[in-house]
Each structure stands twice: as C-alpha cells, then as structure tokens.
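Dumping the structure here so I can ask a few things about it.
Read the figures in this text as sums done on the coordinates, not as results from a lab. Bear in mind that the values here come from a model prediction, so they are computed numbers and not experimental data. Cβ atoms come from the backbone with ideal geometry, glycine included; neighbour counts cover every protein chain shown.
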Amino acid sequence: MKSTIKKTYLSAAAIAVLALLFTSCSKILQETPRSINTPDFFRTEAGVTGGITSLYANLRNIYGNAYYYNTGETGTDEVTYGQSADGNFLVMDLSGQGDISSQTSRSDVLWNNSFGAINTASGVIENGSAAGVSPALVAEARFFRAFYYFQLVQTFGGVPLDLGSGILKFNTNPVALSTRNTVPEVYSKAIFPDLDTAIMDLPVNPRVIGGVTKTVARLYLAKAALTYAWWLKNPNNIPTYPAADRKDPDGKDASYYFQEAYDTATAAINDPGQYGLMPTFYDLHNGANDRNKEELLYADHTQLNELSNGASLTYGSGGGQDNFAGWMMTWNYTVLRSSKTSTGWSPVSSVQRAATQPLGRPWTRMAPTIGAITNTFADKTNDSRYDGTFVTTYRGNWNLIGTGVSQTTLYNANNLPINPGDAVLTFLDEPNPAISYPTGQGNSNIGAGTLPGNSSWVIGPDGISRVVYPGLWKLGEYRTDNNGTLGQPNAASTRPFIIAYFSEFYFVAAEAAVMGATTQAGQSARDLINVIRARAGMWTYSNNGAAPLVQDNSAAMIAATPATITIDYLLAERSREYYGDGRRWLDLVRTQEWGNLASSYQIAGNNYGDHTPKTITRNIQPYLYLRPIPIGQLNNMQMSASELAAYQNPNYQ
C-alpha cells in the first residue's frame, strides 16, 4: 500500500440537497440546502437529519440515471444496444462498436456520486452522537456508507477508504492525492463493520416510508458476504486490483462467507417484519402499488411537486436526477400507423406517446436480445414474469384528448377495423411461419407482418430487431394526473426506481446453498427458489390481454424446477425475476459467468422490416470484469504519470 489515501473532488463535504419526500407518508424528510457541511453542523440534530436526508436524495443521482443503468444491462445476455444508441451505449456492448475506457465508461456516474455521500455519512457517524440523536438515526448513515462502498468495490475493485483525513474519517479539506485500498480492506474495514452496527442499531420498522431498517441492512450484509465469498473463491481466475491475495484479513475462507450469506438471508426470511413478497409479480410492478412491502430500497420520486421529485414534471432533459432509465428500452412505437379508411390506405398515428406504464417516452437506446425473449422467458404460459416484464401488445389510444384523431374506428392489419384499446401491434409469444412480412416498412410503417383474419400487426419473437422490440413495462411511467389526455409523456418517470427487493433474500440464500452452505430444513436451494417460482405462477391480470386473468400455475412451476439447482439455473431465474432492473452485469461479474453467458447473442438489424436475426459476438476479456477509474478522477489528481497509471485498473491506460 502507498502511504496516503487521499482524493480531490470526492473529499468535499459540500452537498446541495433537494427536499426528499417519501410519498404516502406523513413523515417527510426535508433539508435546507447547504454549500458546506462542517463537524459542528453534524453535531446538531438538524445537521444529522439533513445529512441523512441527503444520502437518500443522492440515490436519485445514480439509480434511474440512464447512463449508469446502461452499464448494468448493455453487454449482458439480457440487453444489447438499440437503433438510436450513441457511444454511451455502443461501447458497453463490446461488439466492435467502441472500447470501454476511462473516457467512455458511464460507470463514472457511480464513482462521481458515491464519495461525497460516503464523506457525509462519515460526518454523521463521527460527530452525530454529540447531537443527542438516537443510535438508530446514526445507523442510517452507517448503512449508506457501507452501501456506497459495496457498489464501488463490485464495480471498480479496491477503492479509497481515506478521503484525506484518515481511514473512514470525515474530511473538509480538498486534497489532490489518492490511494486505493484492496478489496479485502474495503470489505473488512468498511462494509462489514458498518452493516453489523446498522443491523444492531436500526429499527425493525422504518422511520419514514422507504427508510432503511434492520431488514434492509441484513439484505446488504447477505449480498456483501455472498459477493465477497465469490471473490475469495475466484473460480475462473479473474484478476483483481489493486493486487491482493485472495485471503481474508481475519483468516476466514469463502465457505465461511457463503454460510454467512445463507444464515443472514434466511434469518430475514424467517423474521420479515413488515416486509414480504407481493402476491403476484404483476402486483409487485404495477405502478399503482409502488412503495409496496417487497420494495426494500428505492430512489424516490413523486408527481406532487418538482422540488420533492428532484426533476421537472413536464419535460425531462435526460440528466441530473431525471428518472429516465425507462426511456432506454422504449422503442419509437409512435411510428406505428393504421388507416382512416378500409379502402386504400390513409395512414394515421394510432398509438401516440402517452404517460402510461406500457408507453412513455421512446429513446431506442437499448434492446432485448432474442435469446432473452425466447430462452430466458421460454415459458410464457405458466410463468407470469414475461407478461409482467414486457409490453407485448401496443393498443390504440387515438381517442384521448389531444391526439388530433376524431374517428372512433380505424383500420389496421388486413384492413380490419379496430377501436380504441384494441391491439395495433402484437409481439407473438412463439414463432409462427404463417406471418407474412412486407418488404420494407409496409403499411404498419414499422415492417410488421400480418396473420390471416387478425386485425393486429404482428412480429414473431425471432423477428425482433434493434428498432422494434417488446418494451419494458416494469419501468414504465405511472401517473394519476393524465385526466383523459396523453398526459406528460416527455417528463421523466415520477415512480420510485427500485434498488432492492425482499425477494433477493431467497436468491442470496439459494445461491449460497448451491455454493456449499449448510441449509436448514425446508430451506434448501430448491425450496427457496420454488417460493419465487410459485409466486411467478400466480396470475391476477394479463398485460398482453389487458384484462383480469385469475390462474394458479404454481404447481406447474414447482414441478418444472430441476431437482438439482445450479448457478446457471439460478442466474436464469434471476434474469426472469429481475430482467431490466439494471443489475445483470453485477450478477454475471459476481459469479464470473459473464464471458460464458454473454459472449454472443442474436438480434435483427437497425431497419424497419428487418426480421432476420444475426449472431453477434462479443470480446469479453477478464480485465473487463472491473470498470475503469473515470478520466475526471485522474485529471483531478496531482500525481506523476506513473502514479496515475498505477491508480487505473489494468489494461485501461
């Protein structure tokens, strides 16, 4: 290790914080914006509560930010780049569209927004007791310091614990040097101690809606133990940085931490407090149910006012605290056309941009791979998660106020009549050789095909492209102020962006069990995963059919679970449960399966009417399992060229 661990911009205690509202709760976190926080400030109750509020607010700078979201999805088996992708997305695909570098990697969003929060948390932890506040309040800061360090160490490897005033000390003076700690040091000195204390001191029930609790801290302790266990085991010899032996400072091995992950996760399952699984996957992700008992941690937003939302309620600029990740996998469905007449073709826009969960603002920057649609979600009959994840039917909305279309009936595929709410375009669940595709764009204007007697344009799952594909319903907009109009579809989402779910306890415990943890009766890997699969078999509503659908397919889902659970099976199951949530890269990196599962994929091209899948290969090298330190960080440090080169992760210089 070098002698000092210092940082430039990340050491600043300056935080300009917006008021943060946890919607539907009588308790509101409010904060007066400040430019400089000092130790004396954190020795007041207002300073402690203000600092902690800023830690929640800071989540919005990272989660929901589309560029960071892209780093967790593009280049995995789930997602590739879309037709309108720029360099932010192209390079992450690793398919010859550019290289990930310190200049191009958008993991800079995480780096740039984490260390200021870490320093604020240290200020609260170090000085807060003098304010006379409860240990539970200070424990929230401990949770967040561990949380941000955990995100950083997974992404970059070892990171600085000294921001200028000493290890985990609050710093007020900008400095121009920095030294990175090793991965074991980050876990053993920062993440695990803070989470242990947080679990001890945090309340069972949240201080405010969305506030962290013992259960939330337990989830992150379980996840950290699981991730660290994989790091110690290192089955595929993936390099780490800064260079360090794969040894725990306390002499504990990977088996110990797999067991710790299992025990911590099952303890939370057995004692859930106010948390638990929602009855169906649809109920979990329906915007009307936001902030439900399964959502443990989220970057919150609200449609009540712009101050509390952190962004405009009418137009998103795609930056700052805009919650615009959901735009990225929304293709330009507004190009779709139907006809005003049944004779000839008089085109009119039948699906217009609207602030509703299936629609929203299209950017076409990211697209699902064909394999995600056909293989990951192979069972679209029993398993509700495909229907509860994607928009597979685009329905007419030309009857809404402001569309400019006065006709009640339009004519669509096969010149058949459709009414508002009817299907204009359907992505079929299975390939169908009877589909007749036009040459080029055709009357649908997007190159969609027809089936005899069907009024909806259709595209088979093997015919999705970079320009037309099922959208992501899970992240779709939800607002209650549309009032019969198209609403505010150009605004960023006012929904919370979900960071952690209660369901993750089941996956963490199951993964640890597969890796050798001793299990309890009734909580084997198969038992645990079947709880999730049984819930996935429960239907109350069909998005595809836009109607209630009450079915219990849980027995069929359980019967289809293999007798022996493997890591590859768990990863597939995680993809079905968390597709498009922005976490796939971390899952593949943790288990070291990224190169095995995502080295090739299929998708059709950039043009409307292209339904011919192409196999694309990726060049996933071991060094890519760490993201580069951002160029902005390197430019802000006063160090020699050799020191800067040593600071960067290998192969990124």
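Listing SER317, SER312, SER95 from the residue with the fewest other Cβ atoms within 10 Å to the one with the most, what is the order?
If I rank by nearby Cβ atoms, fewest first, I get SER317, SER312, SER95.
Tell me the relative contact order for segment 253-386 as a rounded percent, counting alpha carbon contacts under 8 Å between residues six or more apart.
Contact order relative to length: 16 percent.
Now for a different question. Can you give the FRET efficiency for ALA546 and GLN520, using 1/(1 + (r/R0)^6), R0 = 35 Å, r = Cβ-Cβ distance, to the nearest 0.05?
0.25
Just to confirm the number: angle between the C-alpha axis of helix 214-233 and the first principal axis of the chain, 0 to 90 degrees, nearest 10?
Long axis of 214-233 versus the principal axis of the chain: about 80 degrees.
Mind pulling the per residue volume of the convex hull built on the Cα atoms of segment 539-607? Å³ is fine.
Normalising the Cα hull of segment 539-607 by residue number yields 153 Å³.
Still on this structure, I have one more. May I ask for the Rg/Rh ratio of segment 275-425, computed from Cα atoms with Rh as the Kirkwood radius, given to two decimals?
1.01
Another one. What are the equivalent ellipsoid semi-axes of segment 549-653, built from the alpha-carbon gyration tensor (square roots of five times its eigenvalues), in whole angstrom, biggest first?
39, 21, 14
Between ASN270 and SER599, what length comes free when the chain is fully extended (0.36 nm per residue of separation minus the Cα-Cα distance, one decimal in nm)?
114.6 nm
Sticking with this one: Taking only DSSP H segments of four or more residues, each worth -39500 (n - 2.57), what value at 222 nm results for the chain once the sum is divided by all its residues, to the nearest 500 deg cm²/dmol?
Estimated from H runs of four or more residues: -9000 deg cm²/dmol.
What value in Å³ per residue do you get for the convex hull of the alpha-carbon atoms in segment 514-559?
Normalising the Cα hull of segment 514-559 by residue number yields 82 Å³.
Mind checking the alpha-carbon convex hull of segment 102-257 and giving the volume per residue in Å³?
Given the Cα convex hull of segment 102-257, per-residue volume reads 132 Å³.
Across segment 138-181, what fraction of all alpha-carbon pairs, as a whole percent, falls in each successive 10 Å bin from zero upward?
Per 10 Å bin, starting at zero, the Cα-Cα P(r) for segment 138-181 comes out as 26, 51, 23, 0 percent.
What percent of all Cα-Cα pairs in segment 285-348 falls in each 5 Å bin, counting up from 0?
That works out to 3, 12, 14, 16, 15, 11, 8, 8, 6, 4, 1, in percent per bin.
Another question, then. Expressed as a whole number of Å, what is the distance separating the alpha-carbon centroids of segment 94-118 and segment 430-471?
37 Å
For segment 325-392, what are the per-bin percents of Cα-Cα distances with bins 5 Å wide, up to the bin holding the maximum?
Values per bin, smallest distances first: 3, 14, 18, 17, 16, 15, 9, 6, 1.
To one decimal place, what orientation-averaged projected area in nm² is obtained for the convex hull of the Cα set of segment 171-295?
In nm², the orientation-averaged hull projection of segment 171-295 is 11.4.
May I ask you to derive the FRET efficiency for GLN407 and ASN375 from their Cβ-Cβ distance with R0 = 41 Å, giving the value to the nearest 0.05?
With R0 = 41 Å, the Cβ-Cβ based efficiency is 0.50.
Label LYS169 and THR38 with points 7 Å out from Cα along Cα→Cβ: what is the distance between them in nm?
1.9 nm
Which order do peptides 434-444, 283-293 fall in by mean Cβ count within 10 Å, highest first?
Ranked from most to least packed, the peptides come out as 283-293, 434-444.
Would you list MET557, MET639, MET366, MET200 from fewest to most Cβ contacts within 10 Å?
Neighbour counts put them in this order, fewest first: MET200, MET639, MET557, MET366.
So, counting K/R as plus one and D/E as minus one, what does the shell of residues with Cβ under 9 Å around ASP253 add up to?
+2
With the cut-off at 21 Å, tell me which of the pairs LYS223/LYS293; LYS214/LYS247; LYS474/LYS614; LYS189/LYS223; LYS214/LYS252; LYS223/LYS252 have Cα atoms farther apart than that.
Violating the 21 Å limit, Cα to Cα: LYS214/LYS247; LYS474/LYS614; LYS214/LYS252.
Report, to the nearest 10°, how far helix 45-62 tilts away from the longest principal axis of the Cα atoms in the chain, using its own Cα long axis and a range of 0 to 90°.
Between the helix axis and the principal axis of the chain, the angle is about 40 degrees.
Dividing the Cα radius of gyration by the Kirkwood radius, what Rg/Rh value follows for segment 370-438?
Dividing the radius of gyration by the Kirkwood radius yields 1.06.
Another question about this same structure. Quick one: order HIS611, HIS301 by neighbouring beta-carbon count within 10 Å, fewest to most.
Final ranking by Cβ density, sparse to dense: HIS611, HIS301.
Seen from all sides and averaged, what is the projected area of the convex hull of the Cα atoms in segment 424-519, in nm²?
Mean projected area of the Cα convex hull: 11.3 nm².
At 7 Å along Cα-to-Cβ for each site, give me the label-to-label distance between ALA434 and ASN419 in nm.
2.5 nm
Angle check, please: helix 254-270 long axis (alpha carbons) against the longest principal axis of the chain (alpha carbons), in degrees 0 to 90, nearest 10.
Taking the Cα atoms of the chain, the angle to 254-270 is about 70 degrees.
Pairs of alpha-carbon atoms within less than 8 angstrom and 6+ residues apart define the contacts here; what relative contact order does the chain have, in percent?
Computed value for the chain: 19 percent relative contact order.
Also: Please check which bits of segment 262-300 a label hung off ILE558 would reach, taking the label as a point 7 Å along Cα-to-C-beta and the cut-off as backbone N under 15 Å.
Taking a point 7 Å out along Cα→Cβ of ILE558, no residue of segment 262-300 has its backbone N under 15 Å.
Please work out the C-alpha center-to-center distance from segment 129-208 to segment 210-275 and express it in whole Å.
Measuring centre to centre over Cα atoms gives 16 Å.
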